[in-house]
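Structure record follows, encoded as structure tokens.
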Amino acid sequence: MKLKTRILLLALLGASSLAQAAAAAPATQRLGLQLWSVKDEIKQDFEGTLAKIGQLGFQGVEFAGEFGPYKDNPAGLRAFMDRNKLQCAGAHVHFDQLTPDRLEATTAFYRTLGCSNLVIPMDKRGASVDGSAQMSRELSSLSAQLAPKGMRIGYHNHAQEMAGAAGSTPWDVIAQNTPKGAILEQDVGWTTFAGKDPVAYVNKYPGRTVTTHFKAKMAQGTSGGMPIIGQDKTDWAGLVQAVRRVGGTEWIIIEQEEYPNGMGQLETVAASLKGLQAVLAKLPAN
């Protein structure tokens, strides 16, 4: 875009409005990997596994509590990631890491990594509507505390949050009782497993799917297909279009929890990435 055009847009929209528009509809969704996908391999060779992830074509990783030799050296980890052209797509952290006595240390660590998205991976309260309402108050408080630091809180679903009638699940309670700035990190595999439509949930809460887990998983009680993206029955093309047009999605994060036919963890991740890339290749850029 030419400089004069950019200046005109700023004048017409205002800097804040332009930023909001960009956040609502990212030009390109980056591809990341949730490191739980390679939980065993990364413990055996942290640096080597991260390097291979970058070589596969991922642009970032979402941490899940494993930092190898860098657990007390976020600056060193950031430098290593930079050398391997990897960004921090986010991190899974539990509520006990964000208590008043631990909040500063936790946020300082992740900010050094260049991480702005902190996501609660699971909480037992998410299994009920009442528990989710209580948890939503805690998420809302954390959202207010993290915003001045340039960070966001989020929550990641399993099947328990998708139980019940669509529209009144614990996931709906969380969505409706947390600020719009809080991330709804939908795990489409668990949504599918629970018998719900992941595309419908992206559309139901526009701009909230800032990060999302792309996982191939069968609906409970069904069979057919493989737990690898593109080898299952998920409408991946429809899902990509939804996160692009409605979700406000910045990061599509592959997560692999099943490794069929004796495949290795990174090998299976590579197969899911290849399947997703095949879907992306058939779609228009935006």
How much length is gained if the chain between ARG245 and GLN134 is pulled fully straight, taking 0.36 nm per residue apart and subtracting their Cα-Cα distance, in nm to one decimal? 36.8 nm
With a point put 7 Å past each Cα toward its Cβ, work out how far LYS39 is from SER223 in nm, to one decimal. 2.7 nm
Reachable aspartates and glutamates from LYS85, criterion Cα separation under 12 angstrom, eight or more residues apart if same chain: none
Run the numbers for ALA79 and ALA281: contour at 0.36 nm per residue of separation, minus the present Cα-Cα distance, in nm. 69.6 nm
Using a Gaussian network for the chain with springs between C-alpha atoms less than 10 Å apart, which of these wobbles most: ILE153, ILE252, ILE42? ILE42
What does the net charge come to around ASP123 if you take all other residues with beta carbon closer than 10 Å to its beta carbon, with K and R at +1 and D and E at -1? 0
Using the charge dipole of the chain (Lys, Arg: +1 at Cβ; Asp, Glu: -1 at Cβ; taken about the Cα centre), state which of GLN134, TRP190, TRP251 has its Cα farthest towards the positive end. TRP251
Reachable lysines, given that their alpha-carbon falls under 24 Å from the alpha-carbon of LYS196 and they are not under 8 places away in the same chain: LYS124, LYS180, LYS204, LYS215, LYS217, LYS233
How large is Rg over Rh for the chain, taking Rg from the Cα atoms and Rh as the Kirkwood inverse mean of 1/r across Cα pairs? 0.96
Taking 0.36 nm per intervening residue step and subtracting the Cα-Cα distance, what contour gain separates ALA200 from ALA147 on full extension? 16.3 nm
Lys and Arg at +1, Asp and Glu at -1: add these up for the other residues within a Cβ distance under 13 Å of SER272 and post the number. -2
Summed side-chain charge close to ARG137 - residues other than ARG137 whose Cβ falls under 14 Å, Lys, Arg +1, Asp, Glu -1: -2
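Here, each number is a calculation from the coordinates, and none is a lab measurement. Being a predicted model, the structure only gives us computed values, none of them experimental. Glycine also receives a Cβ, built like all others from the backbone with ideal geometry; neighbour counts cover every protein chain displayed.
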